[in-house]
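To start, the structure itself, in structure tokens.
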Amino acid sequence: MDGLALRNKTSSIQSFVYTVKILATRRILKMASATELGFYSYKPLDKKGDPFDLADLKGKVVLVVNVASKCGLTPQYEGLEKLYDQYKDRGLVVLGFPCNQFMGQAPGTAEEEVSFCTLTYGVKFPVLGKIDVNGKNAHPLYEYLKKEKAGIFGIGRIKWNFEKFLVGRDGSVAQRWAPTTDPKSLAPTIEEELSKPDPYAAKDATEAA
């Protein structure tokens with residue numbers, strides 16, 4: 001190999017390494033930025049395309065679930081609604097996010113997906129607009145959740161429909177469950193989080209005084 005060819009090859013390798021470093025840095029910054037923003041900073045869209053401000057849920061315990069209408073796990077809607085009905089008066093909120101990334105099992109519009117779960121399972125908890133949970137178009141909220149609570153073997157990626165995240169009263173991500181986890185088995189952890197004091201209520205009382 002002559003000197004010119006060697007220099008060109010070296011330059012190409014250096015360029016490749018530089019590109020890899022840039023991409024890695026961008027990803028790190030993106031994930032760090034998501035962590036700094038916090039759960040309450042996000043405003044995902046509802047079924048009509050209007051912002052749903054998560055800051056309105058401060059002090060609540062929030063169960064976040066990516067849902068679908070044509071999945072073998074779709075009957076979990078019933079269990080999720082039972083949890084919501086049982087604990088809503090104590091401060092539990094369940095948020096459903098239709099996602100069509102897993103075998104196209106949420107094919108309808110956001111309004112159609114909401115109508116399905118309402119009519120079929122009597123769902124009363126908020127089911128918001130359709131989003132992506134993985135990939136380059138993943139909603140920033142899900143980037144944050146995955147960063148805060150990785151799955152098995154430290155993998156952040158959402159594996160399937162009905163993966164579940166539990167956010168505590170202080171906005172921290174307390175737990176993550178696999179798609180196949182039966183909603184009723186979440187009750188002990190939900191009760192534990194509900195038993196914790198609402199830090200925002202104490203703050204509001206102090207400011208009012």
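The values are calculated or read from the model by the stated rules, or taken from the named source; none is laboratory data. Quick caveat: nothing in here was measured; it's all calculated off a predicted structure. Neighbour counts run over all protein chains shown; Cβ positions are idealised from the backbone, glycine included.
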Original post:
Is it fair to say LEU95 is closer than 19 Å to ASP56 by Cβ, part of a strand (DSSP E or B) and either at pLDDT 95 or above or in contact with a Phe, Trp or Tyr (Cβ under 8 Å, 6 or more places away or on another chain) (or both)?
Top reply: yes
Original post:
Restricting the search to the range 42-73, which residues are under 14 Å from the mean Cα position of the chain (by Cα) and without any contact (Cβ under 8 Å) to a residue 60 or more places away in the chain?
Top reply: LYS43
Subject >> Selected residue (criterion: farthest from GLU193 (Cα to Cα)) from residues of the range 93-118 that are out of contact with any Lys or Arg (no Cβ under 7 Å at 6 or more places or on another chain) and of a type in the set (A, V, I, L, M) >> reply: MET103
Original post:
When you scan the range 151-183, how many residues do you find that are farther than 21 Å from PRO98 by Cα, modelled with pLDDT of 95 or more and exposed (fewer than 14 other Cβ atoms within 10 Å of the Cβ)?
Top reply: 1
Subject >> One residue from LYS136, LYS82 being under 25 Å from GLY168 (Cα atoms) and either over 18 Å from the mean Cα position of the chain (by Cα) or at pLDDT 95 or above (or both) >> reply: LYS82
**OP:** Please find, among PRO126, PRO188, the residue that is at pLDDT 95 or above and in contact with a Leu (Cβ under 6 Å, 6 or more places away or on another chain).
**Re:** PRO126
Subject >> the range 94-143 - residue that is surrounded by fewer than 17 Cβ atoms within 10 Å (Cβ to Cβ) and of a type in the set (Lys, Arg) and, of those, nearest to LEU80 (Cα to Cα) >> reply: LYS124
Original post:
Which one of these does PRO107 not meet: (1) of a type outside the set (A, V, I, L, M, F, W, C); (2) within 21 Å of GLU191 (Cβ to Cβ); (3) not in a helix (DSSP H, G or I)?
Top reply: (2)
Original post:
Is at least one residue of the range 63-77 part of a loop (DSSP other than H, G, I, E, B), more than 20 Å from ILE158 (Cβ to Cβ) and modelled with pLDDT of 95 or more?
Top reply: no
**OP:** Give the number of residues within the range 95-124 that are in contact with a Cys (Cβ under 9 Å, 6 or more places away or on another chain) and in contact (Cβ under 8 Å) with a residue 40 or more places away in the chain.
**Re:** 4
